[in-house]
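Student: Encoded as structure tokens, here's the structure I'll be asking about.
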Amino acid sequence: IMVSINQRLEADVIELVASEFNYEVEFIGVEDAAELEDEDTEDDTENLKPRAPIVTIMGHVDHGKTSLLDYIRNTNVIAGEAGGITQHIGAYEVTLKDGRSITFLDTPGHEAFTEMRMRGANVTDIVILVVAGDDGLMPQTIEAINHTKAAGVPMIVAITKSDKPEFNPQKIRERLLEHEILVEAMSGEVQDVEVSAKTGAGLDELIEKILLQAELLELKANPDRAAEATVIEAKLDKGKGPLATVLITRGTLKVGDILVVGTHSGRVRAMLDDKGRQIKAAPPALPVEVLGLGGVPMAGDTLTVVESEARAREVAAFRQERATAKRTTSAPTSLENMFSALSAKQAVIEYPIVIRADVQGSTEAIINALNKLSNDEIKVRVLQSGVGAITESDVGLAQASGAPIVGFNVRPNAKAREMIERQKVRLKYFDVIYHLTDDIAKEMAGIWGPERIEHVVGRAEVKEVFPAGKKDKAAGLLVVEGYLKKGINARLTRNDVIVSKTSVASLRRFKDDVAEVRAGLECGVVLEATNDIKPGDVLETFEVEMRDRTL
């Protein structure tokens with residue numbers, strides 16, 4: 001038989017050729033060859049070892065979840081969050097004085113982050129439901145209760161803000177009865193504790209209750225096998241490439257392991273723990289940031305270690321094909337609903353939008369929040385969404401369709417900025433999600449308040465950083481464009497991602513205080529309420545104009 005290298009052989013021909021070389025052929029389906037799920041095996045009981053409990057903190061926005069975790073971790077995360085609310089899932093390991101450890105997941109409380117909170121409940125062992133003793137049960141508190149029940153996870157109720165005079169824990173316990181939660185104080189089974197993140201009252205008791213609950217659950221995992229993990233968060237870093245925060249569910253993840261996560265493959269180049277330290281191996285229940293992925297995975301994807309790069313690429317390519325096929329295959333339709341869809345399409349006004357955010361979870365949350373704004377007359381159409389700095393392709397798409405670009409905690413790169421100015425594309429920047437949804441809702445409904453227009457008036461590069469006083473840091477800058485002046489609004493960016501929103505507290509040239517510094521000159525500045533400055537950062541100054549919108 002004459003065949004070329006690209007021709008497929010019939011099954012009987014393959015068997016005949018293989019038998020000449022004393023091999024037996026076994027035919028398996030495409031899905032069996034390319035998927036990993038069938039290889040999943042249960043661990044033998046003798047291989048299981050105790051692991052740290054994974055505890056998720058859930059509750060309503062601004063009820064003190066992050067402050068509570070801050071006190072336990074002796075850090076201050078909330079200062080770095082826009083508007084003082086958590087916008088990402090944070091994963092942290094806390095080691096206690098007796099050597100035992102607990103892994104905490106801090107999930108955002110704002111309603112737009114339902115998807116992220118669902119993920120938090122689905123990888124957790126214990127849920128701490130945070131309820132403010134001066135505020136009561138709120139929509140997201142009830143939602144957190146429902147997620148916890150759906151996940152079948154034990155719950156501990158932490159009634160916070162016990163230091164406030166209007167603190168009323170009994171009212172909270174009574175309200176919980178409406179949702180079939182009977183706490184121990186009312187002869188039920190759910191543990192509850194009164195705590196204060198300000199004074200630290202009740203936090204030792206909370207830790208004891210977590211450890212007691214963990215002992216009852218007898219949490220074990222096999223550390224001596226190929227690792228599996230769940231992606232908690234993912235983002236694109238300009239210097240490091242795709243980064244994924246993962247929580248190891250079983251096995252030990254090591255530097256150099258070949259892995260598949262969602263539709264991407266890669267090799268573990270480095271791993272960082274929650275304090276930013278490099279580690280070589282990550283055991284079960286440890287949250288780590290993984291470098292070396294081929295792309296940004298979706299939050300919630302499973303990370304699996306495989307034996308070879310060829311296998312990893314094969315599985316990733318198969319999953320990519322399957323995802324593409326699923327996206328392009330539409331459900332069958334009848335003539336009647338086809339015509340009704342056509343007539344509906346003519347009546348509905350579309351609001352096109354391009355979305356860019358700093359992390360994957362925020363992108364999903366924004367899309368879900370905007371989809372909820374849609375009604376029978378007007379709906380949001382997301383033309384493109386992604387993670388990382390705003391690029392030329394985003395600007396080109398926005399310009400062609402007349403859509404605004406929404407940047408959530410990200411800024412355009414240099415080429416995209418030029419295109420935006422040249423083609424007069426609308427760029428909207430937000431750092432708090434409900435400001436974003438409020439603004440888009442006003443535009444869509446036509447009930448437009450005054451438009452907040454930012455005019456970028458200056459750009460300067462940080463050349464050197466040096467101490468100023470006991471706590472502050474001063475930055476030596478070279479003004480590249482426009483001007484800087486004392487008191488002006490500013491944002492500090494690192495690799496086109498915003499580090500902090502601030503203002504110029506003091507401005508000096510040599511030893512003299514000055515009111516303004518123009519392009520081409522060097523100066524020294526102290527920024528308001530931030531010390532996170534590094535050489536190579538860019539300081540962008542802007543003036544805000546409030547203008548009435550017109551149709």
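Student: Given an 8 Å cut-off on Cα distances and at least 6 residues of separation, report the relative contact order of the chain as a percent.
Tutor: Result for the chain is 9 percent.
Student: Over region 439-543, average the accessible area per residue using a 1.4 Å probe and give it in Å², no decimals.
Tutor: With the other protein chains kept in place, region 439-543 gives 53 Å² per residue.
Student: For the charge dipole of the chain, defined by +1 on Lys and Arg C-beta atoms and -1 on Asp and Glu C-beta atoms about the Cα centroid, which residue among 325, 375, 529 has the Cα displaced farthest towards the positive pole?
Tutor: Ranked along the dipole, the leading option is 529.
Student: Can you tell me the dipole magnitude for the chain around its Cα centre, using point charges on the Cβ only (Lys, Arg +1; Asp, Glu -1), in Debye to the nearest 20?
Tutor: I would put it at about 2720 debye.
Student: What FRET efficiency would be calculated for the residue pair residue 324, residue 393, taking the C-beta separation as r and a Förster radius of 22 Å, to the nearest 0.05?
Tutor: Calculated value: 0.70.
Student: If I take R0 = 41 Å and measure r between the Cβ atoms of residue 445 and residue 218 in this structure, what FRET efficiency does the formula 1/(1 + (r/R0)^6) give, to the nearest 0.05?
Tutor: 0.15
Student: Check cross-link reach from residue 149 to the lysines: straight Cα distance under 23 Å, and skip same-chain residues fewer than eight apart.
Tutor: Result set, ordered by chain and number: 65, 171, 209, 220.
Student: Mind checking which lysines have their C-alpha under 16 Å from residue 424, skipping anything on the same chain fewer than 8 residues away?
Tutor: Excluding near neighbours in sequence, the set is 415.
Student: For the chain, give the percent of accessible area contributed by carbon and sulfur heavy atoms, probe 1.4 Å, rounded to a whole number.
Tutor: Accessible surface attributable to carbon and sulfur in the chain totals 51 percent.
Student: What is the calculated FRET efficiency for residue 151 to residue 513, with r their C-beta to C-beta distance and R₀ = 51 Å, to the nearest 0.05?
Tutor: My answer for the efficiency is 0.30.
Student: Further question: Arranged from highest to lowest average of other beta-carbon atoms within 10 Å per residue, in what order do the peptides 413-426, 238-251 appear?
Tutor: Taking the mean over residues of other Cβ atoms within 10 Å, the ranking is 238-251, 413-426.
Student: Sticking with this structure for a sec: Starting from the 7 Å offset along Cα-to-Cβ, what nm value, one decimal, do you get for the label separation of residue 16 and residue 225?
Tutor: Rounded to a tenth, the inter-label distance reads 4.4 nm.
Student: For region 167-326, what is the accessible area per residue in Å² when the probe is 1.4 Å?
Tutor: Per residue, region 167-326 has 47 Å² of solvent-accessible surface.
Student: On to the next question. Once the other residues with Cβ under 15 Å from the Cβ of residue 473 are scored (Lys, Arg +1; Asp, Glu -1), what is the net sum?
Tutor: Summing Lys and Arg as +1 and Asp and Glu as -1 gives +1.
Student: Sticking with this structure for a sec: Rounded to the nearest 500, what is the 222 nm mean residue ellipticity of the chain from helices alone, with -39500 (n - 2.57) per DSSP H run of 4+ residues and division by all residues?
Tutor: My calculation for the chain gives -8500 deg cm²/dmol from helical runs alone.
Student: Same structure again: What is the extension gain from residue 544 to residue 24, computed as 0.36 nm multiplied by their sequence separation minus the C-alpha to C-alpha distance, in nm to one decimal?
Tutor: Gain on stretching residue 544 to residue 24: 179.7 nm.
Student: Answer with a single label: of (1) 80, 55, 54; (2) 89, 69, 58; (3) 112, 48, 48, which was calculated as Cα extents along the principal axes in Å from the structure in view?
Tutor: Label of the calculated value: (2).
Student: Dipole magnitude of region 145-277 about its Cα centre, charges +1 at Lys/Arg Cβ and -1 at Asp/Glu Cβ only, in debye to the nearest 20?
Tutor: About 920 debye.
Student: Considering the options 229, 202, 214, tell which one lies farthest towards the positive end of the dipole of region 194-245, charges being +1 on Lys and Arg and -1 on Asp and Glu at the Cβ, about the Cα centre.
Tutor: Of the options given, the answer is 229.
Student: Can you spot the lysines whose alpha carbon is less than 19 Å from residue 275's alpha carbon? Ignore those fewer than 8 places along the same chain.
Tutor: Residue 275 reaches 97, 235, 240, 254, 534.
The values are calculated or read from the model by the stated rules, or taken from the named source; none is laboratory data. Just so we're clear, the structure is a prediction, and the values are computed from it rather than from any experiment. Note that each Cβ is placed from the backbone with ideal geometry, even for glycine, and that neighbours are counted across all protein chains shown. These area figures cover heavy atoms from the full protein model, side chains too; ligands, DNA and RNA do not enter into them. Shrake-Rupley method; radii C 1.70, N 1.55, O 1.52, S 1.80 Å.
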